[in-house]
Amino acid sequence: MTNPNEPAPTEGGIVAEVAHMTAEQRAEHDAEVAEAVAPDREIDVEVGETLLELRDVTLRFGGLTALDSVSFGIRRGEILGLIGPNGAGKTTCFNAMTGVYRPTSGQVLLEGKPLGKSSRHRITQLGIARTFQNIRLFGEMTALENVVVGADARAKTSVVGALLRLPRHHHEEQQAVDRAMALLEFVGIADRAADKAKNLPYGYQRRLEIARALATEPKLLCLDEPAAGFNPAEKEELMQLIRKIRADGYTVLLIEHDMKLVMGVTDRIVVLEFGKKIADGLPAEIRENPAVIAAYLGVPDDDVA
Ligand SMILES: Nc1ncnc2c1ncn2[C@@H]1O[C@H](COP(=O)(O)OP(=O)(O)OP(=O)(O)O)[C@@H](O)[C@H]1O
Ligand SMILES: [Mg+2]
């Protein structure tokens, strides 16, 4: 394990001694971090226009219809919540959007273009990134390396070479490492950059997954229950991070069971039940929607209200 008191492993990088900064220095530093986090994302649609659309998406596993003619859109700049009881089809939606499974029928469109048979890798390059309900990290790699590898999913030339000490693309590699470091700081875990992912506390691992997804410079970031297993204070911090991600220009699709978190952070909510969309509206509308309340019967009122 690394000594947490050791400085972060970057020379002249963006990670500085933030603890000793004045408020003004801190603001300037935050702006620098944000700049490094999102240097050159190109998005063809304006804020408020549809970025991603599911059009009549049906997905069957044998006899089971996991998604049944589901249609909804995500607008650029929005935080959209995707909720529904266990087994409703939320994760399957992510899988259909990211090329893990192909819709049995219907289409997923990004910036108006059908994803069709695009591979997972291609979809990452096109701009959809996700985290997983069950954390998937390279446990033996450091936090920093996990993020560099995430960035590599998008890069034209391999930055993994940097880790293998290959003598080419030095500049690009150094940039990738600096940016990965900035991302770790952005999600609040830069102090453990040099620790193996498997040795990080659970909350840090969840944040690391988010940093790794952001490293691909996505247009749309899909989070599958990022607050699962968090206590209320950690959930509050996560809400702040999600807001910060949106403020930085990303569009976010959030699967989350905790109603307080979903209602508190989303602009709009889509509700699935047994693979069908049963509601789509503002958080306040969803809270009052009888079909949604019925779907959540059995869930204590406190969680729905
Ligand atoms: N690969 C698969 N093969 C067969 N059935 C599957 C597969 N993946 C999901 N399912 C089924 O599809 C349905 C929807 O599952 P999904 O994981 O999308 O639900 P979810 O809304 O994410 O639920 P949870 O809140 O429990 O994560 C479930 O009945 C599930 O058992
Ligand atoms: Mg799920």
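What follows is calculated from the coordinates using simple rules that are stated; it is not laboratory data. Predicted, not measured: the structure shown is a model, and the values here were computed from it. Neighbour counts are summed over all protein chains in view; Cβ atoms, including those assigned to glycine, are modelled from backbone coordinates with ideal geometry.
Scanning segment 114-142 for residues that are within 16 Å of ligand 2 (Cβ to nearest atom) and part of a loop (DSSP other than H, G, I, E, B) returns T131, F132, Q133, N134, I135, R136.
Scan segment 75-115 residue by residue and report those that are of a type in the set (D, E, K, R) and within 13 Å of ligand 1 (Cβ to nearest atom). Selection gives K90, R102.
Where strands (runs of 3 or more DSSP E) sit wholly within segment 41-113, those with at least 3 residues that are more than 16 Å from ligand 2 (Cβ to nearest atom) occupy 50-61, 64-75, 105-110. Among the conditions (1) more than 27 Å from R287 (Cα to Cα); (2) over 16 Å from the mean Cα position of the chain (by Cα); (3) away from ligand 1 (no atom under 16 Å from the Cβ); (4) not hydroxyl-bearing (S, T, Y), the only one that G63 does not satisfy is (3).
Here is a list of conditions, (1) under 16 Å from the mean Cα position of the chain (by Cα); (2) over 18 Å from A213 (Cβ atoms), and K260 meets all of them except one; can you say which number that is? K260 satisfies every listed condition except (1).
Contact map, segment 113-124: residues that are without any contact (Cβ under 8 Å) to a residue 12 or more places away in the chain paired with residues that are assigned to a loop (DSSP other than H, G, I, E, B) and basic (K, R), Cβ distance under 7 Å, separation 6+ or inter-chain. No pairs are found.
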